[in-house]
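Reading through the structure tokens given below for one structure.
Taken together, the values in this text are just the output of simple stated rules run on the coordinates, not laboratory data. The shown structure was predicted, so the numbers you read here are calculated from the model rather than taken from an experiment. Please note: Cβ atoms are built from the backbone with ideal geometry, for glycine as well, and neighbour counts cover all protein chains shown.
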Amino acid sequence: MSARLYLITPPAFEPAVFAPLLAQALDAGDVASVQLRLKDIDDDSILRAADALRPIAQERDVAFIMNDRPDLALKSGCDGVHVGQEDSSYAAARQMLGLGRIVGVTCYNSRHLAIDAAEDGADYVAFGGFFPSPTKDTTRIAGNDPEILSWWNEMMTVPSCAIGGITPENCGLLVKAGTDFLAVISAVWNHPEGPGAAVKQFNTAIAAVG
């Protein structure tokens, strides 16, 4: 199976303004999932954003994932949660959400963290960042080396997700290495021709790798 897009929302947005942009992106081509990632705002604002965006994704059979907060994922009817190493633990998230929802785990460039997460039952592990990113802290950057993805793809069946500065121009390396998902923020939402054009470009680039 070829890689698929995993869209992450911008770090701040107005839900009513952003909702049609999300719809445009999802209608433009194949997208596996959307992660709601909002920082430094209150829970009610996160829930309002989830209520505005979740139906847009779910009506299109796109998984809607909450970042960091399994409690809010459950409360807002999300399809799952993504937890970082400083967030809720995998075990706590799984206990709260049960087996029917997705739990993904940030593993940076650590094979050890990824193996632990997979053995615990994570639905996917995220590696990165692979390239410099305007929206993500790259102090734990994976060194622009897709070899960890190749290693994982050969060793494990749990899907991998690559993140960090990924664009249509540089994603081919990660697709060739065997990543299952390409997590993208700026390259979609800041695309000069709009998010729909960005999704089309990504899908073309993924297909070109085969």
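Compute the FRET efficiency between Ile115 and Lys176 as 1/(1 + (r/R0)^6), taking r as their Cβ-Cβ distance and R0 = 22 Å, and round to the nearest 0.05.
On the way: r = 23 Å, r/R0 = 1.03.
With a Förster radius of 22 Å, E is 0.45.
What length, rounded to one decimal in nm, is gained on full extension from Gln58 through to Ser150, with 0.36 nm per residue of separation minus their alpha-carbon distance?
Working: separation 92, 0.36 × 92 = 33.12 nm, distance 3.10 nm.
My answer for the length gained is 30.0 nm.
Within the chain, which is the longest segment that contains none of the GluC sites (Glu not before Pro) sitting in a DSSP loop with at most 14 other Cβ atoms within 10 Å?
Working: sites that count: Glu59, Glu86, Glu169, Glu193.
The answer is 87-168.
Calculate I(q)/I(0) for region 4-209 by the Debye formula, one identical point scatterer on each C-alpha and no solvent, and give its log10 at q = 0.14, 0.18, 0.19 Å⁻¹ to two decimals.
Each listed q corresponds, in turn, to -0.77, -1.34, -1.49.
Along the Cα-to-C-beta direction of Gln95, a point sits 7 Å from the Cα; which residues of region 104-126 have their amide N less than 19 Å from that point?
104-105, 117-123
Please give the length that would be gained between Asp71 and Arg48 if that part of the chain were fully extended, namely 0.36 nm times their separation in residues minus their C-alpha to C-alpha distance (nm, one decimal). Walk me through the numbers on the way to the answer.
Numbers: separation 23, 0.36 × 23 = 8.28 nm, distance 1.46 nm.
Full extension from Asp71 to Arg48 adds 6.8 nm.
Could you compute the longest span of the chain free of trypsin sites (Lys or Arg not before Pro) located in DSSP loops and having at most 14 other Cβ atoms within 10 Å, not counting the site residues?
Numbers: sites that count: Lys39, Arg60.
Answer - 61-210.
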